[in-house]
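Here is the structure we will look at.
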Amino acid sequence: MSDTGAGLTGIPLFSVKNLSMNFLSSGEGTVFRALRNISLEIYEGECLLIAGSNGSGKTVLMKILAGLLDPSGGEVLFRGKRLGDAGRELRRSVGLVFQDADSQILGETLEEDVAFGPKNLGFSREETAEKTETALRMLGLWEKRHAQPRRLSGGEKRRLAAAGILAMGCGLMILDEPFANLDWPGVMQVLKIIKTLKEKGKTVVLLTHELEKALAFADRLIILHAGELRAEGKPEKVLERLESAWGVRDPRQNYAGVADCTWLPP
Ligand SMILES: Nc1ncnc2c1ncn2[C@@H]1O[C@H](COP(=O)(O)OP(=O)(O)OP(=O)(O)O)[C@@H](O)[C@H]1O
Ligand SMILES: [Mg+2]
């Protein structure tokens, strides 16, 4: 049991201890330390926002959590199990929405794309069809089910990726830079996904430096800077300690308080 200072207690979904990630620069033989001694927890049902400027290590951390990248050091436990031993459970539970949603497209139509996940998990034809329809309807894409995924707009592609994850029944969704390259309606679409996920009790991890768009949804805020975890806790408390060198802007400059920090109208 642990207490994060944000009122979250219990057994964490993820427990990361002294994590490090080094990359060897090809040719030069030098080592680049992308993550340094990171320790953090992710709790079931929370919305965690991980902020940090370009190159701070957000995407690398996400890839390690999802089992796509092996860390150089430290330990990552998923529901108390080492990542390597949690393989199938991890794949069933953790869904990623990449910044480049194009790379996640698997089907020729939206319906086929979303069905891919449940089919792969061994659900029957009927179950797969039902899960696909529910997820597409939930994300407002059912009318476009026969369309080609590549023709969707950027915001719609992220919604499609989220639908695929919901259809697999993942309890945790990690969204990497979900607002990148989106116009105002696109940002709204993504914020609606986050709101829906929260309402369904899913665990949501947002990796972004755009606090002004989504901080209102966050139960907890973590700041990464140059591969180090610099601050962690309730958003208000972390903002009090914000250092300009971290390259993250305090969104409250333009809002009354943390609860207002979103582009989604009330
Ligand atoms: N495969 C790799 N080989 C070498 N260096 C890498 C590799 N992957 C990431 N890095 C480096 O690790 C650092 C962290 O990268 P990461 O993609 O996690 O940053 P980020 O916080 O997601 O940034 P952004 O906000 O731009 O998405 C960067 O300096 C990046 O160049
Ligand atoms: Mg990134």
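Read-outs: derived from the displayed coordinates by stated rules, not from any lab. All values reported here derive from a predicted model rather than from experimental measurement. Positions of Cβ are generated from backbone atoms using ideal geometry, with glycine treated the same way; all protein chains shown enter the neighbour counts.
A few remarks follow.
- With a threshold of 28 Å on the Cα-Cα distance, the over-threshold entries among K17/K157; K63/K119; K198/K237 are K17/K157.
- Order of W184, W246 under a 10 Å beta carbon neighbour criterion, fewest first: W184, W246
- Compared with the rule-of-thumb size 2.2 N^0.38 Å for a compact globular protein, the range 204-266 has a Cα radius of gyration ratio of 1.05.
- Scattering profile of the range 1-155 at q = 0.08, 0.09, 0.12, 0.20 Å⁻¹ [log10 I(q)/I(0), Debye over alpha-carbon scatterers]: -0.32, -0.41, -0.70, -1.26
- Rg(Cα) / (2.2 N^0.38 Å) computed for the range 144-233, rounded to two decimals: 1.16
- Dipole in debye (nearest 20) - the range 1-123, about Cα centre, beta carbon charges: Lys, Arg +1; Asp, Glu -1: 500
- Stretch gain in nm, segment A180-R125, where the contour uses 0.36 nm per residue and the Cα spacing is subtracted: 16.3 nm
- When the convex hull of its Cα atoms is projected in every direction, mean area for the chain (nm²): 15.1
- Summing Cβ point charges (Lys, Arg +1; Asp, Glu -1) relative to the Cα centre of the chain gives a dipole of roughly 220 debye.
- GNM top mover of R145, R159, R241 - the chain, alpha-carbon springs below 10 Å: R241
- Once divided by 2.2 N^0.38 Å, the Cα radius of gyration of the range 96-162 becomes 1.01.
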